[in-house]
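The values are calculated or read from the model by the stated rules, or taken from the named source; none is laboratory data. What you see is a predicted model, and the numbers here were worked out from it, not measured in a lab. Neighbour counts run over all protein chains shown; Cβ positions are idealised from the backbone, glycine included.
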Amino acid sequence: MFKIVTIPGDGIGPEVVASAVQVINALEEKYDLEVSIEEHLFGGASYDVHSEMLTEETLEACKNCDAVLLGAVGGPKWENLPHEKKPEAALLRIRKELGLFANFRPAKVYDALVNASSLKPDILSGTDFMVIRELTGGIYFGQPRGYDDTKGWNTMVYEKYEVERIARLAFETAMKREKRLVCIDKANVLECSQFWRNIVHEVHKDFPDVELTDMYVDNAAMQVVRDPKQFDVIVTKNLFGDILSDISGMITGSLGMLPSASIGKNHALYEPIHGSAPDIAGQNKANPIATIASVAMMFEHSFSMQHVADDIYKAIEKTLESGMRTADIANSDDNIASTTEITDAITANL
Ligand code: NAI
Ligand code: MG
């Protein structure tokens, strides 16, 4: 029995999560799985009822399940709340409370969409790599931090255990793929980066089958757009990963295509990388593929059912190959499918 908690959130969140639930229900039938899905309020949707973006009740539910599926949060209606009441604060809190220290962002190009990117199809075709970003440490959390009238300061600091646990996850991921890991840092300038690199090399001793390469982050930014096919798995700290995962994602096409997984020791949360898209919310226009692919990542990481994940990816591919497109990935002469139409097609292709 798999216990999934959904927190659809705001804007297109509920629409794309409904698509994902439809896919999960289809998988349940196909593989005779037992899945329970429990929905909870989060973000603005929760604020409107409880004056709180994240209630203890929702948090407890997220802690007591096998996997969380998040839609998106935020929107103009809640933009002017004080900082600590904003949706972003609730997002950071949930990640922290669940101890989600590793963020996985696949950069995978679907053949059918090879023309949707700003890069040339021959550079892009066949691209399939994973960016693993450390999520709960580094300069985004280090103390001391602050600014006054004359200066601003932040601290980049990593504890040994923080680097070890993410390095281990990265090597384990590489073992399941092409066994190539690139450690991206700035060890030529930052002592913290040299420390990070040393630890990654120490952990490498436990994974001798993986080929480990070091790369400076500035070069990596260039390599990702010059020759993305060279990468299999990338591991990097919070700050560099924030930037690299966005570049890597966008070379593959639309925001509406990109899933993510955030993993901790005891919990995992899956979500599309896009936001609540208030401009198209409630119009049945959103691309649900990012959220459906997030379900694939859930079956891979949380349920260890790679064949189910592969099945989902194949159904997405088949649907795209049939020419079906939501507006965000359509060419001007394509027929535009709605959220529910493309979801029905993907479900049928399962
Ligand atoms: P956004 O990702 O919501 O939208 C950017 C553009 O991409 C919009 O034109 C939108 O229509 C389009 N888009 C996004 N997802 C799409 C999909 N699945 N299908 C088709 N088109 C899609 O980013 P934006 O506009 O900067 O933020 C809107 C709200 O979302 C803000 O309140 C922001 O704080 C929040 N946000 C929440 C995130 C989260 O919940 N993790 C992440 C990013 C933003
Ligand atoms: Mg970012």
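Okay, here's what the table says:
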{"item": "Residue within the range 96-103 that is surrounded by fewer than 21 Cβ atoms within 10 Å (Cβ to Cβ) and at pLDDT below 90 present", "result": "yes"}
{"item": "Qualifying residues in the range 76-86 (those that are outside any loop (DSSP other than H, G, I, E, B) and loosely packed, with under 13 Cβ neighbours inside 10 Å) - the one modelled with the highest pLDDT", "result": "P76"}
{"item": "Looking only at the range 230-247, and only at residues there that are in contact with an Asp or Glu (Cβ under 8 Å, 6 or more places away or on another chain) and outside any strand (DSSP E or B), the one that is surrounded by the fewest Cβ atoms within 10 Å (Cβ to Cβ)", "result": "D232"}
{"item": "Options V73, V68; residue that is out of contact with any Pro (no Cβ under 7 Å at 6 or more places or on another chain), surrounded by 15 or more Cβ atoms within 10 Å (Cβ to Cβ) and not assigned by TED's automatic domain parsing to the domain that holds L244", "result": "V68"}
{"item": "R145 vs. criteria within 19 Å of A102 (Cα to Cα) and either at pLDDT 95 or above or of a type outside the set (G, A, S) (or both)", "result": "no"}
{"item": "Selection status of D279, within 16 Å of ligand 1 (Cβ to nearest atom), part of a helix (DSSP H, G or I) and surrounded by fewer than 18 Cβ atoms within 10 Å (Cβ to Cβ)", "result": "no"}
{"item": "Single residue of the range 245-272 satisfying the filter (hydrophobic (A, V, I, L, M, F, W, C) and at pLDDT 95 or above) that is farthest from ligand 2 (Cβ to nearest atom)", "result": "A268"}
